[in-house]
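Computed from the coordinates by the stated procedures, all read-outs in this text should not be read as laboratory data. These numbers were taken from a predicted model, which means no experiment stands behind them. A quick note on method: Cβ atoms are made from the backbone with ideal geometry, for glycine too, and the neighbour counts reach across all protein chains shown.
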Amino acid sequence: MTRFVRVILVLLVVVPSVHAQDFSAPRYGGFEGAGGRSGGPFFAYDPHEAANQLEFFFQPPARKMFHDAGDNVYLFPPMFPAGTYFAVLPSVPAFIATASAASFQAYRVGDHYVLADRKYEIFSAHRVGDRIFFLARDDSGAFVRLTEHHLRIFDGAGNEIASAIEDDPDKNISLLVDRSGSMDGFDQDVTTAIRNFSSLKVVSAKCGIYEFGSEVSQLPGAFQTTCDDALARYTMSPAEGGTALYTAMDRAYRGMLNLDGLSVIVILSDGRPGDGPTPELLEYSKKFPTFVLWVGDHTQDYIAAYSTAHAVSTSASVQEIEDFFNSVAFSLHGHQAIRIAP
């Protein structure tokens, strides 16, 4: 059996210190939201307000390990890369009336325009329903949390629209664990990495866990509890059989279709898929960021058509598996949301 490991996960943010950060309080700008506060009809740009840098909740990895289809390499991968999910515009479109156009960088996200203070860069963005999920960083590369004082939102016709910022929207992680026969030699390191990952604050997201060998099984209680609880209680089944990875991906994607918020897939596997992709798989992969870690003697991304980014760990060490988990989780956890008024 060939060896192969894949991990899929969604997150983003960065900053040079190792402290816990409170992401619990949502901030609302232009309209009332549950648990939020009301502002004016639109975001109120303030060039003097500095964005807060996000702090690490773990020791940052020593090397960039994430590779995307364009051969870009990241320490922390974007959930929704520019060029695929949103466009960076050369200037503010002429049909958007604003007296301070020179202060903004313009982005097209779906059918909306986002103007962000030029001191910051939108690193990841995607429109999902009535939300625009995004991750921003400053000119030093540190990930930050923006407020209504850094942004303005416009519809496709150039009309400014009422919006609200959610610092910590709902987030979901599907973890796919390869239990094919060739995974037997990696069990101890994978188990240790999962246990350590379960202790991070980031795992307040909801979790669903799938195992795949020749068959695919979903552990009970999917998305009913937070990842820290689900992962701490997880016990891997014996390694045996083939590698039904595509079937597992299809099950995981379908299982997240009706979940609210931002959902990602994380895959650990050590072998070439033994099954084939379903016709719907490519479309599903565009909806949900998918991150892959290949461990063992594989250096090729076997599911490149579906993965957002992949990493390789030939040593399959606990540290490298943890680095992969932590980086994806940090990126996912750092995403904010702009809720667009109906």
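Listed values, structure above:
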{"quantity": "Highest to lowest packing among 50-56, 116-122, scored as the average C-beta count within 10 Å", "calculated": "116-122, 50-56"}
{"quantity": "Given charges at Cβ of Lys, Arg, Asp, Glu: the range 230-342 dipole, positive-most of 243, 291, 338", "calculated": "338"}
{"quantity": "Prolate/oblate/rounded label for the range 171-334 (Cα gyration tensor, a/c 1.5)", "calculated": "rounded"}
{"quantity": "Cross-link reach list, lysines versus residue 206, counting only Cα pairs under 29 Å and skipping chain neighbours closer than eight places", "calculated": "64, 171, 286, 287"}
{"quantity": "Magnitude of the charge dipole, the chain, Cβ model with Lys/Arg +1 and Asp/Glu -1, debye to 20", "calculated": "360"}
{"quantity": "Burial ranking of peptide ranges 310-322, 219-231 (average Cβ count within 10 Å, highest at the top)", "calculated": "310-322, 219-231"}
{"quantity": "Relative contact order (percent, whole number), the chain, Cα cutoff 8 Å, 6+ residue spacing", "calculated": "29"}
{"quantity": "Relative contact order, percent, the range 99-158 [alpha-carbon distance under 8 Å, six or more residues apart]", "calculated": "32"}
{"quantity": "Positive-end residue, the chain charge dipole about Cα centroid, Cβ charges, pick of 213, 282, 124", "calculated": "124"}
{"quantity": "Net dipole in debye of the range 251-342 [+1 Lys, Arg Cβ; -1 Asp, Glu Cβ; about Cα centre; nearest 20]", "calculated": "420"}
{"quantity": "Inter-centroid distance (Cα atoms) of the range 310-342 relative to the range 235-274, Å", "calculated": "16"}
{"quantity": "Prolate/oblate/rounded call for the chain, Cα gyration tensor, a/c under 1.5 rounded", "calculated": "prolate"}
{"quantity": "The range 171-334, relative contact order [Cα under 8 Å, separation at least 6], %", "calculated": "26"}
{"quantity": "Neighbour-limited loop hits for trypsin sites (Lys or Arg not before Pro), the range 228-260 (at most 16 other Cβ within 10 Å; DSSP other than H, G, I, E, B)", "calculated": "none"}
{"quantity": "Per-residue [θ]222 nm for the chain (sum of -39500 (n - 2.57) over DSSP H runs n ≥ 4, rounded to 500)", "calculated": "-5000 deg cm²/dmol"}
{"quantity": "Cα-based helix-to-principal-axis angle, 187-197 vs the chain, degrees rounded to 10", "calculated": "30"}
